[in-house]
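Participant: Handing you a structure now.
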Amino acid sequence: MASKPGILTDWPWKPLGSFKYVILAPWMAHGTYQFPFLLERMLHNQIWISLSRHRTAKGNNRILDRGIEFEQVDRESNWDDQILLTAILLYMTHWTIPQASHLPFWKTDGVIITVLIHALVVEYIYYWLHRALHHHFLYSRYHSHHHSSIVTEPISSIVHPFVEHIAYAMLFAIPMYTTVLTRTASIASIVAYTTYIDFMNNMGHCNFELIPSRLFTIFPPLKYVMYTPSFHSLHHTQFRTNYCLFMPIYDYIYGTMDESTNATYETSLQKVEDSPDVVHLTHMTTVESIYHLRLGSASLASRHYSPKRYLRIMWPLALASVVWTWTYGHSFVLERNAFKKLKLQSWVIPRYNVHCQNRSKMDHLNANPAKIRPKCQRGIFPANRAQNDAVLHADMAK
Ligand SMILES: [Zn+2]
Ligand SMILES: [Zn+2]
């Protein structure tokens with residue numbers, strides 16, 4: 001939360017709590033064709049959340065080696081507010097600007113205009129807006145809310161006070177409205193631009209470095225037009241450097257590049273997987289228990305498992321997890337915990353209760369201890385068959 005909340009720091013629908021989705025009622029009645037677009041944005045964010053939790057638990061290429069506090073998980077649980085705001089803005093746009101409806105699939109001039117306006121206008125205004133947000137008056141009332149997260153998760157990128165979201169929406173609307181009003185907009189330019197914003201935002205806050213150095217060697221000017229996760233991570237630890245949106249060129253021009261940017265990038269790329277002292281092996285119970293893994297929704301993972309009707313509508317996801325279980329078949333790192341100097345990892349064996357009741361399947365698993373270890377782990381778990389079996393039996397017996 002902002003240290004000294006100001007006007008419009010809170011979202012207007014905050015008092016509605018879990019009933020906030022009722023604000024979508026008029027949109028649902030008139031604009032259901034926008035639903036796939038909003039669903040794609042939610043899914044895109046969720047993929048980044050799960051990937052980041054898995055990778056930061058494994059440890060390779062991790063940028064900041066610190067855990068996340070409970071307060072941060074609670075503070076960032078309302079990340080879907082941004083999607084609700086998008087739905088409202090889309091509805092209002094189609095209501096007020098008739099030419100925004102029935103766009104063609106592709107128009108080359110609109111794509112070029114979007115790229116140029118983003119690089120020359122949006123990035124420039126954002127840079128100075130961001131610097132203004134770090135002035136103590138605006139920082140204490142608004143921007144400190146985003147900076148409460150030092151160790152970021154992908155969703156930290158869209159956790160801002162309401163009025164900041166309005167400012168960002170106006171900023172991103174500049175290329176989109178320009179192309180709509182000049183009749184050069186297309187479905188491709190709008191969807192690709194929104195996906196680019198979501199991708200870069202999530203990537204910048206994922207807390208593991210994933211941009212290979214080869215890319216910068218092949219094309220050196222890339223460092224001016226694309227930031228990396230370690231670049232923006234430094235903004236969250238140093239506060240007064242690396243202000244850019246996605247293109248570091250303005251930090252180069254105005255001298256606000258962090259001096260340790262390159263060193264942090266190299267160190268993160270070289271970071272190897274964690275070697276845990278203790279491993280807790282666990283497995284799934286029913287097909288729907290996949291939703292309670294911490295890699296997915298933090299709010300579901302924090303609750304005891306019980307069958308819920310609303311989870312059944314997500315059956316394609318459950319089905320995909322079963323198919324993945326059969327094809328991948330290896331355990332994977334779920335989470336890590338540190339107890340002073342003792343490092344613990346939890347690994348999930350992709351098997352269900354039904355497998356544990358089948359003696360032959362259990363024997364097969366115990367006869368292939370390699371299947372129990374995550375595929376990427378190397379030499380961290382003693383290849384002691386008896387030890388593996390003991391841990392596995394003990395856990396499955398629960
Ligand atoms: Zn900032
Ligand atoms: Zn940030």
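Where a number appears in this text, it was derived from the coordinates with a stated rule and is not lab data. What you see is a predicted model; the values in this text were computed from it and never measured. Positions of Cβ are backbone-derived with ideal geometry, glycine not excepted, and every protein chain shown enters the neighbour counts.
Participant: Exposure proxy check: I218, I117 ranked by fewest other beta carbons within 10 Å?
Facilitator: Ascending number of Cβ neighbours within 10 Å: I218, I117.
Participant: Return the whole-Å distance between the Cα centroid of segment 283-313 and the Cα centroid of segment 131-176.
Facilitator: That distance is 31 Å.
Participant: Give me the extension gain from I97 to F216: residue separation times 0.36 nm, minus the current Cα-Cα distance, reported in nm with one decimal.
Facilitator: Separation in residues times 0.36 nm, less the Cα-Cα distance, equals 38.7 nm.
Participant: Using 0.36 nm per residue, how much length does the chain from T327 to K340 gain when fully extended, once their Cα-Cα distance is taken away?
Facilitator: 0.9 nm
Participant: Could you state the orientation-averaged shadow area of the convex hull built on the Cα atoms of segment 73-117, in nm² to one decimal?
Facilitator: Its Cα hull, projected and averaged over all orientations, spans 5.0 nm².
Participant: Strictly greater than 35 Å: what percent of every Cα pair in segment 14-270 meets that?
Facilitator: 16 percent
Participant: For segment 246-275, which GluC sites (Glu not before Pro) are both in a DSSP coil and crowded by at most 12 other Cβ atoms within 10 Å?
Facilitator: E259
Participant: State the dimensionless ratio Rg/Rh of segment 19-115 (Rg: radius of gyration of Cα atoms; Rh: Kirkwood radius).
Facilitator: 1.09
Participant: Taking springs between alpha-carbon atoms closer than 10 angstrom, which of G110, G255, G17 fluctuates most in the Gaussian network model of the chain?
Facilitator: Of G110, G255, G17, the Gaussian network model singles out G17 as fluctuating most.
Participant: Suppose we take every Cα in segment 199-306 and form the convex hull; what volume per residue is that in Å³?
Facilitator: Taking only Cα atoms, segment 199-306 has a hull volume of 161 Å³ per residue.
Participant: Which whole-Hz ³J(HN,Hα) couplings does segment 268-284 yield from phi under the Karplus relation 6.51 cos²θ - 1.76 cosθ + 1.60, θ = phi - 60°, glycine and proline marked x?
Facilitator: Once θ is set to phi - 60°, the couplings for segment 268-284 become 5, 5, 8, 5, 9, 4, 5, 10, x, 7, 9, 10, 9, 8, 9, 8, 7 Hz.
Participant: What list of ³J(HN,Hα) couplings, whole Hz, do you get for segment 237-243 from phi and the Karplus terms 6.51, -1.76, 1.60, once you set θ to phi - 60° and write x for glycine and proline?
Facilitator: 9, 9, 6, 10, 9, 6, 7
Participant: Name the residue, out of P98, P212, P229, whose mean-square fluctuation peaks in a Gaussian network model built on the chain with Cα pairs under 10 Å.
Facilitator: Comparing P98, P212, P229 in a Gaussian network model of the chain, the most mobile one is P98.
Participant: Below 8 Å between Cα atoms, with a sequence gap of 6+, how large is the relative contact order for segment 114-199 in percent?
Facilitator: About 34 percent, as a whole number.
Participant: If amide H atoms are built 1.01 Å from N in the plane of the peptide, which residues on other chains or at least 5 residues away come under 5 Å of the amide H of H280?
Facilitator: So H280 has HN proximity to Q345, S346, W347.
Participant: Percent antiparallel among DSSP beta bridges with both residues in the chain, to the nearest 5?
Facilitator: 55 percent
Participant: Can you tell me the length gained on complete extension of the stretch S302 to K4, counting 0.36 nm per residue apart and subtracting the Cα distance?
Facilitator: The S302-K4 span can extend by a further 104.3 nm.
Participant: Quick one: which of K223/K340; K271/K341; K223/K271; K58/K340 span more than 29 angstrom between C-alpha atoms?
Facilitator: Those over the limit are K223/K340.
Participant: Now a separate question. Taking H placed 1.01 Å from N in the peptide plane, check which residues at least 5 places from F208 or on another chain put their amide H under 5 Å from its amide H.
Facilitator: I63
Participant: Short version: ³J(HN,Hα) in whole Hz for each residue of segment 320-335, in order, from phi by Karplus 6.51 cos²θ - 1.76 cosθ + 1.60 (θ = phi - 60°), x for Gly and Pro, what are they?
Facilitator: Rounded to whole hertz, the list is 4, 5, 5, 4, 5, 4, 6, 7, 6, x, 9, 6, 9, 6, 8, 7.
Participant: Over the chain, what is the relative contact order in whole percent, taking alpha-carbon pairs under 8 Å and six or more residues apart?
Facilitator: Relative contact order of the chain: 20 percent.
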